[in-house]
Each structure stands twice: as structure tokens, then as C-alpha cells.
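Notes to accompany the following structure.
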Amino acid sequence: MPAADDPVLRRGAARVLYANWTGTSTVPSRGLYPHQWSWDSAFIAIGLRHLSARRAQRELETLLGAQWADGRVPHIVFNPAVPLDAYFPSPDFWRSSRDGAAAGAPADRETSGIVQPPVHALAAWLVHLADPEASRRRNFLPRVYGRLKAWHDYLTGPRDLGGGGLAAILHPWEPGMDNSPCWDAPLRRIEPAAAGSYRRADLDHGAAAERPTDLDYGRYVRLATDYRDGGYADAGTRHPFAVEDPGVNALLIVSEHALARIAAETGADPAPHEERAGRLTAALVERLWSPDDGMFLCRDLVGGELIAERSVAGLLPLIVPGLPRDLVDALVRTAAGPGFRLGEIPMVPSYDLTAPVFDASRYWRGPAWFNTGWLLERGLRGHGRTGAADRLRGSMLTAAGACGFAEYVDPFTAQARGTRDFGWTAALSLDLLARDPAEEDASHGAVGSGLRTRSPVH
């Protein structure tokens, strides 16, 4: 197991983050993902704070600077210097400044029109903790608090399409787990876009066997096209794909708790945020908990039923503070069981190992990802499961060094999959190395209020 001060791994992670820095933000990878991605930037800021708290603040400020007037934080902020054919869907597909004008898209920059999981308030709080005095000098938290509040208001307002208090996703790209088997059934309702109407740039940088299929991709394009052509409207519009995802809502809850801490730091009232976190937690349990599965499931809002697919998203509510103890116990049993084998294999898979459609290589249909592992490590530690958290931390750090900070890995062998020198893999490895687990306050581990850090990497 790498030591907490492993200099080789720390230097390697720092090298990736420095190489992927553009001057205002960090690309996930120079080839496959040449723009700024929303939840990537949040995770990257969490690691970047150990190198430069100022740069980590800039990461989040750049992203939030592209926020729409309705509160949404777009999942991509496009770099105008990057050629249009370097990535698809490109700015000329989304046409945000024109087709998103009614929803308040910025007129001075191009973005996508969909969103990604709300990790941002958690990231902002952790970045503040890295250097509170510098943060206060720059008024970092006062400057981002209003934007983060508007972001959460959007998710709990126009995106509460099920009426039960949870945020809904309208596209498989929104939860970040693009081609999870959880979306297979809802996607069957979608007629794919014609194959000749677009060109997949992702296959220029990744093996086809590790990427979504052409059929799935065609359905993604169709959904994005229809959402764009509808002016990116949410409530009051019929959506053929609408799902409540436990991972998205768990991150919203944790970020709402973080937003309460940000509010208190800035002199605002934290009570509304804690109250909303409580309501969201109750709704999460009521609407998405499956006692028979011992985990949370996605809910298809079109069909009205829980989706009988067991993905790692259903374990992520372990990060929620105050989750009922019996649910925590059940989630830990499920994570350690045959479907995910926490503690038995190097990394926690993105999908149930025992399911017929499990695939150890294809994107979110089985490979292990470092951001979900990082979240599970925090959740385990926050609920006092320090032994399991320590083992997961050690296996993640070993895998990160061995795979060249890959985008994702085979959960059995930790063999690299996807692109290499991936931003959040490096950033979250750096965060795991910089934190001393023995010094963390377990009662606040889910949001990091008791966090202490080692010296920055120079």
C-alpha cells in the first residue's frame, strides 16, 4: 500500500494536473476531453487545492462563470480555441447562446445545455478549508455562494419532475454514468438519430470496445437534439427520458450540507440548507430505497417504477450524513457482497458483477472509476467504517500509480481502460495522499469539515 507521503505518486499526480491546466481551468484529458467538464472540475478542484488553493478556486469560478440565468451549471464549457471537430457534440450542435437564450444561457460563451452531478458546493467548501485565510482574502465563498444556491434551487425546482422532492435527469450524460445498464430500458423508447447525421469524435481517442455502442450513442444524440430544439425547457414539457438517480441526489444532499457551512462562513443563514438536506434525504429513502436489493435504485419517471439494475450509483448514498443506521448497514453488506466485492478485488465496479450484462471494459457497464471509489471511501469513513475505508484507499492509490492515472480500470485487475493522465484520477489520488485518515473527524467525514492536509506539492 502506498504511504501517505509517497513522493513518486504525488509527483505523478501533480504532473497530470499541471499538464492539463489551460490557464483558467483543467481539461479531463488533452485528447479525448479538450474542454471543461462540470463534475470533473469539481473533483479536480478537490485535488488541485493541495497544489494551489488559488488555482482550485479559479477552477470553480471559471465553471460557475458559465452558469445559466435559470441556475443550471452546464456540463461542458467550450474552449473557443479548440477546433469544432475535436469533440462531438460540439458548440455548433448545442447552440446554447441561441437556442438556450430563453433559459438564460450566456450570450458571450458556448456551453452544452444539460447538467452533471452537483459536487460543486462540496468542492468549494473543501477548497476553502485548504487555505481559509487566502480564501477569505479573495472573498471566494461570498462570490460563489449565490451561484451555488441558484444551482441547487434549479435542481430542486424545475428539475423536480417527479413531484417527490428529488432532482431528475433528462439525459444519460447528466448523471455522468453515460451508458450504465440503468438506462437500457428507458432508452428503448428513444428512436436513435440517423447514423449519418453526426460523427463520433470519441472513437478517435478510445477503443470502440470500451466506449458506448453506436445504437446507444444515436439515442443520446436524439435526446440532446430534442432537448435543444425545445429551448432546453424542463418543467411543463414532456420528456421521453426522465429518471431520478440516487447518485445525483446523494451528491446534492452532501453539497447542500456543504452549502450550509458556506452560508455560515459568509454570514448567511445555514438553516434553510440543512432543512432542504433533510427533506432530500427523506425523499431519497422514500422514493429510491429498495429493501430487497439492499441498495438504492433509479426511478423511471415515465414508467413510474424503480429500475431493476444495480449500479454503483445505488451505493453512493453512503456519503449522506444522517442516513439511517439500518440502511448504512445494508449498503455496506451489499458493497461487500458478490455484486461489488468491496475489499476483495482492487476496485469497486460501476455495475453488478453478477449481472448478465456486466462488462469489465465498456465504460460505465462494469469498469471501476476513481471518483466513485473516492466517494465510497468518504462515505465509509464518515459512517465509522474506517477499516473498509483504509483498504479501499490503499487499493485505489496502488491502482492509480500502476495504471498511469487512467480514466477507469478493470475492477478485477486494475488494468488501465479509457484515456490516460485523466484529471480526476490524478486529483483524487492527490487528495487521498494529502489527507491523513487517522486525523479525520469521522462525524464530519462526509463533508470534510474536520479535514486536515499535509504540505502542498511543489
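The values are calculated or read from the model by the stated rules, or taken from the named source; none is laboratory data. Because the structure is a prediction, the values reported are computed rather than measured. Positions of Cβ are backbone-derived with ideal geometry, glycine not excepted, and every protein chain shown enters the neighbour counts. Protein only, heavy atoms only, side chains kept; ligands, DNA and RNA dropped before computing areas. Shrake-Rupley method; radii C 1.70, N 1.55, O 1.52, S 1.80 Å.
The figures follow:
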read-out	value
Overall form of the stretch 308-416 per C-alpha gyration tensor (a/c, 1.5; a/b vs b/c)	oblate
Binned Cα-Cα distance frequencies in the stretch 265-318 - 5 Å width, integer %	4, 18, 22, 20, 12, 9, 7, 5, 2
Reported label for calculated Kirkwood radius over Cα pairs in Å given [x] 22.4; [y] 23.8; [z] 21.7	[z]
For the stretch 227-290 and the stretch 379-434, distance of Cα centres in Å	27 Å
Estimated inter-spin distance, A102 and E344, nm [label 7 Å along Cα→Cβ]	5.2 nm
Cα gyration tensor shape for the stretch 285-355, rounded if a/c is under 1.5, else prolate or oblate	oblate
Distance from the stretch 6-33 to the stretch 310-356 (C-alpha centre basis), Å	29 Å
Separation in nanometres of the label points that stand 7 Å from Cα toward Cβ, at A86 and R199	1.6 nm
Cβ crowding within 10 Å averaged over residues, with 400-411, 159-170 ranked highest first	400-411, 159-170
1.4 Å probe accessible area per residue over the chain, in Å²	34 Å²
Helix-only mean residue ellipticity at 222 nm for the chain, each DSSP H run of n ≥ 4 adding -39500 (n - 2.57), per residue, nearest 500	-13000 deg cm²/dmol
Percent carbon-and-sulfur accessible area, the chain, ignoring ligands, DNA and RNA, probe 1.4 Å	50 percent
